[in-house]
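Asks: First, the structure itself, so that you have it in front of you.
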Amino acid sequence: MRAVQITVFGGPEVLQLTELPDPRPAPGQTLIDVNRSGINYADTHHVENSYLTPAKLPLVPGAEVAGRTADGRRVVALVGEGGYAERALAPDNLTFDIPDGTTDGQALALVSQGLTAWHLLRTSTRMADGETVVVHAAAGGVGSLLVQLAKRWGAGRVIATASTEGKRQLALDLGADVALDGSPDRLNDRLREANEGRGVDIVLEMVGGPVFDASIAALGRFGRIAFYGMASRTPPTPVEPARLMARSQSVIGFWLVDCLRQAGMLAEPLAELFELTAAGELRPVIGGEYGLSEVAAAHRALRSRSTIGKLLLDPSR
């Protein structure tokens, strides 16, 4: 089969198109003929071995696929790695049927980014009606879904941030009340101004560095900031517990992998996201599609933060 493999860690330049033997399923695994694979920002960390768990070489990146099983089921699956290929193995318990009326691309936008957005709001920050929610990188795969879900689930105000005017307009089109420049300089001031001078209730943050620092400064009393990525590759300033105590604030980490170990944390939320999408009440944004031979370009685009929504990989070209 055709696949993208790395034999050394590094940037987009290490992604090499090659031929590999077809994978053979073990008990508890499903073999999937891949129609589309998802490309995630986390993949850029994976190939340079800077993610939360160490990677091993050689490696076929790609954490999610959509396609068909040997018995003809159309499925989307979380595979961990091996997704940048014409065929992939998935754990049976992480393989989900795609309902009629949902495209493979939409399913891929929901199975990782969608579940992350669902849990950030429902599980991690426990958003309440009327609260102000800040969504950083609001035009991205997770951010574009967070904007829509927060509004649908009763946020009083959704403040989106993004790096360009086009991305900010997309966030407004998806339901954000305000869209701001996400650069860190005076970000605390801009967030408070957008919330009528008050601290915000929730910040959903995946940039890191000074954006995190400005965001925690913008929190009000009982405010929560959920940290689910570090796209800038710059760590935030360490937070003193006494500072949190003084304003009853919370800093929350979230990694979808922890949900894989808990029964009921994937299938039921994913079914809800599928239903919302089929009803036209949730719009997964597909931001681009690349062939296997173009995957390095996709990674460069992600790292430059020039993309929107979900990026897809077509293994047939």
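The values are calculated or read from the model by the stated rules, or taken from the named source; none is laboratory data. Please read all numbers here as calculations on a predicted model, not as lab measurements. When we count neighbours, we look across all protein chains shown, and the Cβ atoms used for this are built from the backbone with ideal geometry, even at glycine. To get the accessible areas, we keep the full protein, side chains included, count just its heavy atoms, and leave off ligands, DNA and RNA. Shrake-Rupley method; radii C 1.70, N 1.55, O 1.52, S 1.80 Å.
Asks: How far apart, in nm, are two points set 7 Å out from the Cα along the Cα-to-Cβ line at T7 and at S306?
Replies: Going by the 7 Å Cα→Cβ label model, 3.0 nm.
Asks: Further, regarding this structure: When all protein chains stay in place, what accessible area (Å², nearest 10, 1.4 Å probe) is found for L260?
Replies: Ignoring ligands and nucleic acids, L260 comes out at about 60 Å².
Asks: Keeping all protein chains in position, work out how much accessible area D97 exposes to a 1.4 Å probe, and write it in Å² to the nearest 10.
Replies: Answer for D97: close to 90 Å² accessible.
Asks: Once the piece of chain linking D185 and A278 is laid out straight, how much longer is it, given 0.36 nm per residue of separation minus the C-alpha distance between them?
Replies: Extra length available between D185 and A278 comes to 29.5 nm.
Asks: I'd like the orientation of helix 141-152 relative to the chain: the angle between its Cα long axis and the longest Cα principal axis, in ° from 0 to 90, rounded to 10.
Replies: 50
Asks: Give the longest segment of the chain that steers clear of GluC sites (Glu not before Pro) in DSSP loops with at most 11 neighbouring Cβ atoms within 10 Å, not counting the sites themselves. The partial results should precede the final answer.
Replies: Numbers: sites that count: E196, E281.
Result for the longest clean stretch: 1-195.
Asks: Can you give the FRET efficiency for N93 and S232, using 1/(1 + (r/R0)^6), R0 = 35 Å, r = Cβ-Cβ distance, to the nearest 0.05? Each step should come with its number before you reach the end.
Replies: Details: r = 34 Å, r/R0 = 0.97.
Approximately 0.55, to the nearest 0.05.
Asks: Also, I was wondering about something else. Could you calculate the contour length gain from T18 to A297, that is, 0.36 nm times the residue separation minus the distance between their Cα atoms, to one decimal place in nm?
Replies: 98.8 nm
Asks: Summarise the accessible area of the chain (1.4 Å probe, protein heavy atoms) by the percent that is carbon and sulfur.
Replies: Reported share for carbon and sulfur atoms: 51 percent.
Asks: Name the residue from G114, T18, P210 whose Cα lies farthest towards the positive end of the charge dipole of the chain, charges +1 on Cβ of Lys and Arg and -1 on Cβ of Asp and Glu.
Replies: Toward the positive end, the furthest listed residue is P210.
Asks: Along the principal axes of its C-alpha atoms, what lengths does region 62-111 span, in descending order and rounded to whole Å?
Replies: 27, 24, 21
Asks: Can you give me the Cα centroid spacing of region 190-228 and region 1-71 in angstrom?
Replies: About 35 Å separates the Cα centre of region 190-228 from the one of region 1-71.
Asks: Which of V65, A242, G140 sits closest to the plus end of the dipole of the chain, meaning its Cα is farthest towards the positive end, when Lys and Arg get +1 and Asp and Glu get -1 on the C-beta?
Replies: A242
Asks: Sorted by accessible area with a 1.4 angstrom probe, largest first, how do T123, T103 fall?
Replies: Ranked from most to least accessible, the order is T103, T123.
Asks: Moving to a separate point now. Given the Cα-Cα distance of A26 and D258 and 0.36 nm per residue of separation, how much length would full extension add, in nm?
Replies: Stretched out fully, the A26 to D258 stretch lengthens by 81.2 nm.
Asks: Hey, if we sort I286, I202 by accessible area with the 1.4 Å probe, largest down, what's the order?
Replies: Largest accessible area first, the residues go I286, I202.
Asks: Go from 0 up to the bin containing the longest alpha carbon distance in region 222-276, width 5 Å each, and give me the % of pairs per bin.
Replies: So the P(r) values, bin by bin, are 4, 14, 16, 17, 17, 15, 11, 6, 1.
Asks: Now for a different question. With a 1.4 Å probe and all protein chains left in place, how much accessible area per residue does the chain have, in Å²?
Replies: It amounts to 42 Å² per residue over the chain.
Asks: Please give the charge dipole size of region 72-219, origin at the Cα centre, charges +1 on K and R Cβ atoms and -1 on D and E Cβ atoms. Round to the nearest 20 debye. Let's see the in-between values first.
Replies: Details: 14 positive and 19 negative charges, 37 e Å.
I would put it at about 180 debye.
Asks: According to the Cα gyration tensor, what semi-axes, each the square root of 5 times an eigenvalue, does the equivalent ellipsoid of region 79-174 have, listed from largest to smallest in whole Å? Write out the running numbers ahead of the final one.
Replies: Numbers: eigenvalues 156, 54, 28 Å².
They are 28, 16, 12 Å, listed from largest to smallest.
Asks: Still on this model: Quick one: work out the % antiparallel among DSSP beta bridges in region 174-252, nearest 5. The partial results should precede the final answer.
Replies: Working: 0 of 8 bridges.
The antiparallel fraction comes to roughly 0 percent.
Asks: Based on the Cα coordinates of region 227-311, what is the per residue volume of their convex hull in Å³?
Replies: Cα convex hull per residue, to the nearest whole number: 186 Å³.
Asks: State, as an integer percentage, the relative contact order of the chain based on alpha-carbon contacts under 8 Å between residues 6 or more apart.
Replies: RCO, the chain: 18 percent.
Asks: With n ≥ 4 as the cut-off for DSSP H runs, can you work out [θ] at 222 nm for the chain, using -39500 (n - 2.57) per run divided by the number of residues, rounded to the nearest 500?
Replies: Roughly -7500 deg cm²/dmol at 222 nm, from the helical runs in the chain.
Asks: While we're looking at this one, here's another question. Can you tell me the Rg and Dmax of the chain, counting just the alpha carbons, in angstroms?
Replies: Here Rg and the maximum Cα pair distance are 19.3, 60 Å.
Asks: Oh, and also: Need one number: % antiparallel among DSSP beta bridges in the chain, to the nearest 5. Provide the component values of the computation, followed by the final result.
Replies: Values: 26 of 52 bridges.
Expressed as a percentage, antiparallel bridges in the chain total about 50.
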